[in-house]
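Read the structure below first, then the notes.
The values are calculated or read from the model by the stated rules, or taken from the named source; none is laboratory data. Fair warning: this is a prediction, and the values are worked out from it, not measured in the lab. FYI the Cβ positions are ideal-geometry reconstructions off the backbone, even for glycines, and counts take in every protein chain you see. Side chains are part of the model used for accessible areas, which takes the heavy atoms of the whole protein and leaves out ligands, DNA and RNA. Shrake-Rupley method; radii C 1.70, N 1.55, O 1.52, S 1.80 Å.
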Amino acid sequence: MSILVIAEHDNDSVKNSTLNTVTAALAIADDVTVLVAGSNCQSAAQSAAKITGVSKVLVADNPVYANQLAENMRALIVELAAGKTHLLAPATTSGKNIMPGVAALLDVGQISEIIKVESADVFERPVYAGNAVAKVQSLDAIKVITVRTTAFEEAGETGRASIEEVSAVCDEAKSKFIGEEVAVSERPELTSAKIVISGGRGMGNGENFGLLEAVADKLGAAVGASRAAVDAGFVSNDMQVGQTGKIVAPDLYIAVGISGAIQHLAGMKDSKVIVAINKDEEAPIFSIADYGLVADLFEAVPELEASL
Amino acid sequence: MKVIVTVKRVIDYNVKVRVKADGSDVDLNNVKMAMNPFCEIAVEEAIRLKESGTATEVIAVSVGPKACQEQLRTALALGADRAIHIETEEQLESLNVAKLLAKVIEQEQPGVVILGKQAIDTDNNQTGQMLSALTGMAQGTFASKIDIQGDKAIVIREVDGGLQTVELAMPIIATTDLRLNEPRYASLPNIMKAKRKPLEVKTAEELGVTIKAHTKLLCVGAPAERKAGIKVADVAELVDKLKNEAKVI
Ligand SMILES: Cc1cc2nc3c(=O)[nH]c(=O)nc-3n(C[C@H](O)[C@H](O)[C@H](O)COP(=O)(O)OP(=O)(O)OC[C@H]3O[C@@H](n4cnc5c(N)ncnc54)[C@H](O)[C@@H]3O)c2cc1C
């Protein structure tokens, strides 16, 4: 068995999601190669070579891979798939964008967002907003898989893999990167933060998220949101936690002014400790919270901040 | 320019699904079914393209059992011009659905194909991307804005870091994210009118697609249940519990 992991990176270094994906790969087999495709991405390749358990890093360093456009990436990955039994990527927006196309070109299925490796061809994945867990067996010779990062630990960084250049230039010329609006924040990344504090519709407006930010800064936490808060324009889309947003599983998740719809729970119910602050004692969020505080958030949150 | 929009019949998003006692699958007996919410957004976008004069015809397509004609009628009531039902009794995997849709695209030659980014039952998030790979059409997934400008389209995408803008060569495949638009409701007169709009039924054999299984569902289980904990009286007690009991701060 031979596995290719598609790294997520910013050309400088690999993202944490790559480390989780390598752990999932190592649960399948020992022979793990990481592909770093980007532009001026040599230093990302070096960081991939340090991941514990990785035997080889392939680096495809070319402007056509600059923004990991799906059309070019999938063509490249298909070229590198020969001899591989498994192709893995994190189930991030990037992995989700690229991998199904790889599967289609190889005429195989994709198994999305695995949370457990049972054997080389049997995997568990959540379905129906996490209200059921399906155990599926792949019937394909090459298994294309995306990995729910919160379900696997981050691999260590004690490795010394060899780095090999890939010369293939796959330019499908179908799409062009124009620009991006990236939320910059000093706080930890939402999906890998140890503590997350999220606000919902109850926050009332975007400005009031400042209350949560103040708590976050004292706790070294990331700030998240419910869909309702994003739809209302309080905060940006990258903060949405849930079935169709980001999946988080921190040590501590604090839900403020969030009712607890199944779609929101799907994104945070694997957190170790859940706190809910809501003025409605009937709110469904309390049914999964370890500690519930029935209170007006505009009093409770500043008090919480002051007492930290 | 034609627009193809796909719709999937799924469990209503308000319903919490239960796992069957024998662990063979989830129990969909007597469960309320509806159009997948992301498909509703896709239908809305297609209709807006027609209303703005960009599209001339909107074709709604669904793959599945006979019952999904109900969702196709909804799409027609919302403003689609005609519908194609590809009838299959089994729940098809994404790649099979994509292959069927690719055949419809070959026949209809649309300029834009809009799909939901994921169906809320299987949560796969695959079909649009697979369709792009099979047809060679450019792909704009997780779209929060689709702007057709002649031979190109500008698509704003919701990505983990924020928003990404790409320029795609037409024709394109787009998948919808939540903020693309707010779907309308069908009016009663339009629901009545939809009953007379054309709905064509096709089969996989007619389209020349061989259905193939890529995975086998071994069993379905319930996730680890979380129980409600305790209510704390005030912030001081909360902080105390977090520090001394849970030890997370
Ligand atoms: C296809 C689809 C996908 C979806 N995906 C997601 C997703 O990924 N993530 C997600 O979060 N949702 C998602 N949703 C939406 C979900 O169904 C809910 O609508 C949403 O989570 C509700 O957000 P909320 O809890 O902030 O708002 P509400 O349900 O309106 O709850 C607001 C809460 O704030 C409380 N509150 C108000 N004022 C105060 C105050 N002063 N002090 C204390 N408490 C207060 C209220 O008691 C209430 O419980 C999705 C829905 C669909 C259909």
Region A:134-217: C-alpha gyration tensor shape, a/c 1.5 cut-off, then a/b vs b/c: prolate
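Taking only protein heavy atoms into account and a 1.4 Å probe, give the accessible area per residue of chain B in Å². Show your work: numbers first, answer last.
Details: 10870 Å² over 249 residues.
Per-residue accessible area for chain B comes out at 44 Å².
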Heavy-atom accessible area per residue - region A:45-190, 1.4 Å, Å²: 40
Which parts of region A:44-63 would a label at A:Val169 reach, counting a residue when its backbone N lies under 11 Å from a point 7 Å out along Cα-to-Cβ? A:62-63
What are the extents of the Cα atoms of the protein assembly as shown along their three principal axes, in Å, largest first? 67, 63, 50
From the backbone phi of region A:291-297, what are the Karplus-calculated ³J(HN,Hα) couplings (6.51 cos²θ - 1.76 cosθ + 1.60, θ = phi - 60°) in whole Hz, Gly and Pro given as x? 10, x, 10, 7, 6, 6, 4
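Evaluate peptide A:57-70: per residue, the Cβ atoms of other protein chains within 10 Å of its Cβ; return the mean as an integer. Can you show the working numbers first?
Details: counts 0, 0, 0, 0, 0, 0, 0, 0, 0, 0, 2, 0, 5, 8.
Partner-chain Cβ atoms within 10 Å, mean over residues of A:57-70: 1.
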For region A:170-214, list residues with backbone N below 19 Å from a point placed 7 Å from the Cα of A:Ser39 toward its Cβ? A:170-182
Long-range tail of P(r) for region A:23-84 (Cα pairs > 14 Å, %): 59
Highest mean packing first, using Cβ neighbours within 10 angstrom, the peptides B:110-116, A:7-13 sort as B:110-116, A:7-13
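Return the Rg/Rh value of region B:26-148, two decimal places, where both radii are evaluated on C-alpha atoms and Rh is the Kirkwood radius.
Details: Rg = 14.1 Å, Rh = 15.1 Å.
Ratio value, two decimals: 0.93.
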Compare the peptides B:234-247, A:236-249 by average per-residue count of other Cβ atoms within 10 angstrom and give them in order, highest first. A:236-249, B:234-247
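When Cβ neighbours within 10 Å are restricted to other protein chains, what is their mean count per residue of peptide A:90-96? Let's see the in-between values first.
Numbers: counts 1, 1, 3, 11, 4, 2, 11.
Partner-chain Cβ atoms within 10 Å, mean over residues of A:90-96: 5.
Please report the buried accessible area for the interface of A with B, total over both chains, probe 1.4 Å, in Å² to the nearest 100. It would help to have the intermediate numbers written out before the result.
Working: alone 14620 and 14220 Å², together 22230 Å².
Approximately 6600 Å², summed over both chains.
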At q = 0.09, 0.15 Å⁻¹, base-10 log of I(q)/I(0) for chain A (Debye sum, equal scatterers on each alpha carbon): -0.48, -1.14
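How do B:Tyr13, B:Tyr185, A:Tyr291 stack up against each other in accessible area, from largest to smallest, with a 1.4 angstrom probe? Intermediate results must be reported in sequence, preceding the final value.
Values: B:Tyr13 110, B:Tyr185 210, A:Tyr291 15 Å².
Sorted descending by solvent-accessible area, the residues read B:Tyr185, B:Tyr13, A:Tyr291.
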Leaving ligands, DNA and RNA out of it, work out the accessible area of A:Val108 with a 1.4 Å probe and give it in Å² to the nearest 10. 10
Looking only at A:Ile98, A:Ile77, A:Ile178, which one moves most when chain A is put into a Gaussian network model with springs between Cα atoms under 10 Å? A:Ile178
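Remind me, relative contact order of chain A in percent, using alpha carbon pairs under 8 angstrom and six or more residues apart? Intermediate values should be presented prior to the final figure.
On the way: 719 pairs, mean separation 45.0, N = 308.
It comes to 15 percent, rounded to a whole number.
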Would you work out the relative contact order for region B:2-64, in percent, from Cα pairs under 8 angstrom that are 6 or more residues apart? 51
Kindly provide the GluC sites (Glu not before Pro) of region B:31-93 that DSSP labels as loop, not H, G, I, E or B, and whose Cβ sees at most 13 other Cβ atoms within 10 Å. B:Glu89, B:Glu90
Relative to chain A, whose Cα atoms define the longest principal axis, helix A:93-106 and its Cα axis are tilted in degrees, nearest 10, by 40
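Per-residue Cβ counts within 10 Å, from other chains only, averaged over B:162-174: what number is that? Spell out each step's value before the answer.
Details: counts 9, 8, 11, 6, 10, 6, 5, 6, 0, 0, 2, 0, 0.
The shielding value for this peptide is 5.
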